[in-house]
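A quick write-up on the structure given underneath.
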Amino acid sequence: MLLKDRVVLISNVTKFAGRAATAAALGEGAKVLVADESFVDADRRKAWEKEFKGSTALAAQTPVDIGAAVKAQGRIDALVNNDAWPATRAPLGEAKLDEFRAAFETMVVRPFALTQHIAPLMRQQGYGRILFVSSAAPMRGIANYSMYVSARAAANGLVSSLAKELGKDQITVNGLGSNYVENPDYFPPQLLANKEAMARMTAQIPLGRLGKPQEIGATICFLISEGAGFVTGHVLPHAGGWA
């Protein structure tokens, strides 16, 4: 098992790659802690733990409180920053600055703040894996999606700088440049059911299909495993050859 007895924290777990990452990490033997804004509700936490047996849903919401909850566990081996914000089509002249700021707050500031509170715990151990589940979009650029793409580019930029800063403590920092992978935020069931839209999309992908949730889950597990111990500062495209 890639993650046997490792303690993994996954943020914003009901979004993007959260479910896939949880299932994969549990299957690889990890002890999985999950955080999400919906977990202020005790019933939501119970429902999650019932669905993903072996995971622990944290009630903590802020980076400070999540950090404290993780510290109480005694160890943290991997942090998966799993952040999502709508990829809104907005030509330059129509883009709204409040939406632009919100995209940065959600996909850059929030994961940076959580990393600030988890990295010191890893430094004390002399071991850690930090992964930003991001996007391949900045690798190519997408017309009319500059707000989303630039926020993802900022998150990808954190990877290279933090990798150099934390490497001396044996903490790796990587990113996953995802695109065209089935998930509830960017490729919901109603879109998947639209045959014309799917045909247009898959025509752009060299592999000719969308990625599966289990594939992104498996890739996340590898990047936070022992086997990826000499991989750091890298944003791995996970987009079927599109990037």
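The values are calculated or read from the model by the stated rules, or taken from the named source; none is laboratory data. It should be emphasised that the depicted structure is a prediction, and the values quoted were computed from it without experimental measurement. Areas reflect the complete protein model, heavy atoms only, side chains present, ligands, DNA and RNA absent. Shrake-Rupley method; radii C 1.70, N 1.55, O 1.52, S 1.80 Å.
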**Q.** For segment 51-107, average projected area of the Cα convex hull in nm²
**A.** 6.0 nm²
Q.
Need one value: the accessible area of Lys71 in square angstrom, 1.4 angstrom probe, rounded to the nearest 10.
A. 130 Å²
Q) So what does log10 I(q)/I(0) come out to for segment 18-154 at q = 0.12, 0.20 Å⁻¹, using the Debye formula with one equal point on every Cα and no solvent? A) -0.56, -1.20
Q) Which values, in whole Å and largest first, are the semi-axes of the equivalent ellipsoid of segment 75-158 obtained as the square root of 5 times each eigenvalue of the Cα gyration tensor? A) 30, 12, 8
Q. When only C-alpha pairs under 8 Å and at least 6 residues apart count, what is the relative contact order of the chain, in percent?
A. 22 percent
Q: Work out the P(r) tail for segment 1-59: percent of alpha carbon pairs separated by more than 19 Å, whole number.
A: 19 percent
Q. Share of Cα-Cα pairs in the chain beyond 24 Å, in percent?
A. 44 percent
Q) What does the accessible area per residue of segment 44-173 come to in Å², with a 1.4 Å probe and no ligands, DNA or RNA counted? A) 48 Å²
Q | Rounded to 10°, Cα long-axis angle of helix 42-51 versus longest principal axis of the chain | A | 80 degrees
Q. Of all accessible surface on segment 1-132 at a 1.4 Å probe, what whole percent is carbon and sulfur?
A. 54 percent
Q. Against the longest alpha carbon principal axis of the chain, how many degrees, from 0 to 90 and to the nearest 10, is the axis of helix 18-27 turned?
A. 50 degrees
